[in-house]
Amino acid sequence: MNNRRLVVVDFLRGFSIFTIVLMHLVQIYPLPGFLMKASSLGGAGVHVFLLCSGFGLYLSSLYKPLDYRQFLKRRFSKVYVPYLMVVLVSSLYYGLICEQDVLMPLLGSVFLFKMFVPSLECAFGGQMWFVSTIIQFYLFWPLIVKLFKANRGRLSENYSHVG
């Protein structure tokens, strides 16, 4: 392990990103059945990416713990701020150039509730659901870690007889 990073986790995250991008690129083309099924691997890539990201966050919390405010500040500056810029530019484009009503899509995107309203899910790009999901995950992350640490002893006791 170099610099407290696991190469396999970095590989899995990179491979997941590749499969997700590939899926989005080819899903609009009529492909033979087996190629279309192969491209759907990108859907599984989302799950692998989320698991690897959660694992990486957990390792990071072990080696370099941050309080809740520090954690949110760091995550929001890396994810939410760029997301907001994209959403604002997109809303300007759709509102001014395309003359579409963008108030509810903008509110749903900024306040992260668009994934709960079917008519807003694809606002400013269907792939933006992921950002809402990951930010909501970040909001609950310290609670998840606390629950995991509290139950770690119980898990060890329950599985100490295995093996």
Inset, instruction - Please give the per residue volume of the convex hull enclosing the alpha carbon atoms of the range 52-140, rounded to a whole number of Å³. - result: 91 Å³
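For the range 22-70, take the convex hull of the Cα atoms, compute a quarter of its surface area, and give me that in nm², please.
Result: 4.7 nm².
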Legend entry - Accessible area (Å², 1.4 Å probe, nearest 10) - His24: 80 Å²
Legend entry - Vicinal HN-Hα couplings computed from phi for the range 54-62 (Karplus, 6.51 cos²θ - 1.76 cosθ + 1.60; Hz; Gly/Pro x): x, 4, x, 5, 5, 4, 4, 5, 6
Inset, instruction - Sort out for me the Cα centre separation of the range 36-50 from the range 90-159, rounded to whole Å. - result: 19 Å
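Keeping all protein chains in place, calculate the accessible area per residue for the chain (probe 1.4 angstrom), answer in Å².
I get 70 Å² per residue for this part.
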Legend entry - Solvent-accessible ranking of Thr19, Thr133, largest area first, probe 1.4 Å: Thr133, Thr19
Inset, instruction - In a Gaussian network model over the chain where Cα atoms closer than 10 Å are linked, find which of Pro65, Pro118, Pro30 has the largest mean-square fluctuation. - result: Pro30
Inset, instruction - Working with all protein chains in place, sort Glu99, Glu121 by solvent-accessible area computed with a 1.4 Å probe, largest first. - result: Glu99, Glu121
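Give the average over all directions of the projected area of the C-alpha convex hull of the range 92-132, one decimal, in nm².
One quarter of the hull surface, i.e. the mean projection, equals 2.6 nm².
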Legend entry - Residue with peak Gaussian network fluctuation, the chain [Cα springs, cutoff 10 Å], from Met36, Met23, Met115: Met36
Legend entry - When the convex hull of its Cα atoms is projected in every direction, mean area for the chain (nm²): 13.8 nm²
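The values are calculated or read from the model by the stated rules, or taken from the named source; none is laboratory data. All of these numbers come straight from a predicted model, not from anything done at the bench. Ligands, DNA and RNA are excluded from the accessible area calculation, which covers all protein heavy atoms including side chains. Shrake-Rupley method; radii C 1.70, N 1.55, O 1.52, S 1.80 Å.
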